[in-house]
Amino acid sequence: MIHRPDWQALLFVPVGAERHLASAIRHRPDAVVLDLEDAVAPAAKAAARTVLRANQAQLAEAGIDCVLRVNGAIRAMVEDLNAADHSLLQAVMVPKCEDAHPLRNAADLTDGAIGLIALVESPAGLHRLTEIAAIPQVIALMLGSEDYSAALGVDPDRGALDWVAAQLAVAAAARGLIPIGFPGSIANFRDLDLYARQIGRGCDLGMRAVAAIHPKQIPVIRATLAPTEADVKWADDVLAGLQAGGGAVFALEGQMVDAPVVARARQIQAALRRHAKSTAGSA
């Protein structure tokens with residue numbers, strides 16, 4: 001059965017980078033993305049594959065989910081997945097998804113038993129987002145903000161990705177998938193105030209998880225994705241009114257409450273539980 005995670009904070013680590021992996025384990029993200037693609041030079045990939053299973057075992061011992069970012073070219077993807085211990089893989093991240101073909105390849109190579117994260121990194125991928133999201137093994141859609149911005153020739157921090165993030169969030173919601181990312185640069189780990197604002201903007205657009213490249217980003221992700229005290233109080237009041245027999249439609253502080261409003265209140269409470277679980281795992 002495909003693992004259906006409830007992630008908020010993921011962290012990229014190059015395969016074979018022992019110091020970075022040890023740091024990732026100390027910071028306890030919900031999942032570590034062991035990267036065999038962009039983070040490993042072509043000449044170093046063969047050596048990295050020889051230590052992949054040891055890296056997976058370290059994550060399993062720490063109780064942290066393992067995602068493997070494979071290379072998109074079919075020959076390299078075969079080598080990547082042959083090197084992995086599939087029993088210790090919670091998902092495979094497939095890069096540069098401009099159509100469904102690399103996802104189908106990954107599904108075939110994992111016997112359809114491991115969830116896939118489709119990394120959308122170009123306008124061509126966004127154009128085929130419905131096709132990509134429809135692959136049965138896909139559990140998440142992720143915005144590759146750096147590559148997407150390069151394809152457009154724009155700065156990722158100047159608003160061009162807002163519409164892209166919104167489209168990805170809508171496609172994910174339609175299929176019950178996790179929308180990962182935010183409209184901004186994933187590479188920023190120094191200006192954490194800007195980073196938090198961009199994640200918040202992504203959350204406003206429907207994004208629900210973030211993949212980081214530096215451990216300093218993890219607490220910012222968790223804090224920003226957590227429901228605010230005001231949101232939690234509002235949700236509690238709505239559900240208390242429902243339990244008090246308010247009926248299918250009732251008024252709360254001048255606002256009409258009906259089924260969609262109740263659903264949003266329950267979503268806020270579910271987000272609070274996710275945050276509590278994620279924070280407890282990092283303690």
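A short reminder: the numbers here are calculations on the coordinates, not readings from a lab. The shown structure was predicted, so the numbers you read here are calculated from the model rather than taken from an experiment. As a convention, Cβ positions derive from the backbone with ideal geometry for all residues, glycine included, and neighbour counts pool all protein chains shown.
Estimate the FRET efficiency between Ala160 and Ser87 by the formula 1/(1 + (r/R0)^6), using the beta-carbon distance for r and 41 Å for R0, to the nearest 0.05. The value I calculate is 0.50. So what's the Cα pair-distance distribution over the chain, bin width 10 Å, in %? P(r) for the chain, in whole percents per bin: 7, 28, 34, 21, 7, 2, 0. Mean separation of Cα pairs under 8 Å and 6 or more residues apart, divided by the residue count, gives the chain a relative contact order of 16 percent. Each residue in Thr224, Thr130, Thr279 was given a count of other beta-carbon atoms within 10 angstrom of its own, and listing them fewest first yields Thr130, Thr279, Thr224. Straight Cα distances below 26 angstrom link Lys45 to the lysines Lys96, with same-chain residues fewer than 8 positions distant left out. Note on Lys277: lysines with a C-alpha under 29 Å away, same-chain residues under 8 apart excluded, are Lys216, Lys233.
Considering helices alone, the calculated mean residue ellipticity of the chain at 222 nm is -15500 deg cm²/dmol, with DSSP H runs of length four and up weighted by -39500 (n - 2.57) and normalised per residue.
The fewest-to-most ranking of Glu18, Glu253, Glu98 by surrounding Cβ atoms within 10 Å reads Glu253, Glu18, Glu98. Say a paramagnetic label sat at a point 7 Å from the Cα of Arg175, along Cα to Cβ; which residues of region 132-157 have their backbone N under 13 Å from it? Those under the cut-off are 132-143. Maximal additional length on extending the Arg26-Lys277 stretch stands at 88.7 nm, based on 0.36 nm per residue less the C-alpha distance. Residues Asp80, Asp193 in ascending order of nearby Cβ atoms (within 10 Å, fewest first): Asp193, Asp80. Run the quick spin-label model on Gln267 and Asp204: label points 7 Å from Cα toward the beta carbon, then report their separation in nm to one decimal. Result: 1.6 nm between the two label points. Backbone phi angles across region 76-92, fed through the Karplus curve with coefficients 6.51, -1.76 and 1.60 (θ = phi - 60°), yield HN-Hα couplings of 5, 4, 4, 5, 4, 6, 5, 7, 8, 8, 5, 6, 10, 10, 8, 6, 10 Hz in residue order; Gly and Pro are listed as x. Close amide-amide hydrogen proximity is noted between Asp65 and Val32, each under 5 Å apart and 5 or more residues distant or on a separate chain (H modeled in the peptide plane; Pro and chain starts excluded). Shape analysis of region 229-282 yields a ratio of the Cα radius of gyration to the Kirkwood radius, Rg/Rh, of 1.07.
What's the local net charge at Ala244, with K and R +1, D and E -1, over the other residues with C-beta under 13 Å away? Local charge sum for Ala244: -2. Segment Ala76..Ala240, full-extension length gain: 53.6 nm, with 0.36 nm per residue of separation and the alpha-carbon distance subtracted. Under 5 Å between amide hydrogens, built in the peptide plane, is the criterion, and for Ala140 it picks out Leu116, Ala118, Ile178 among residues at least 5 positions away or on other chains. Based on Cα contacts under 8 Å between residues 6+ apart, region 86-163 shows a relative contact order of 29 percent. Hey, with R₀ at 22 Å, roughly what FRET efficiency would Leu192 and Ala41 work out to, going by the Cβ-Cβ distance, to 0.05? My answer for the efficiency is 0.15.
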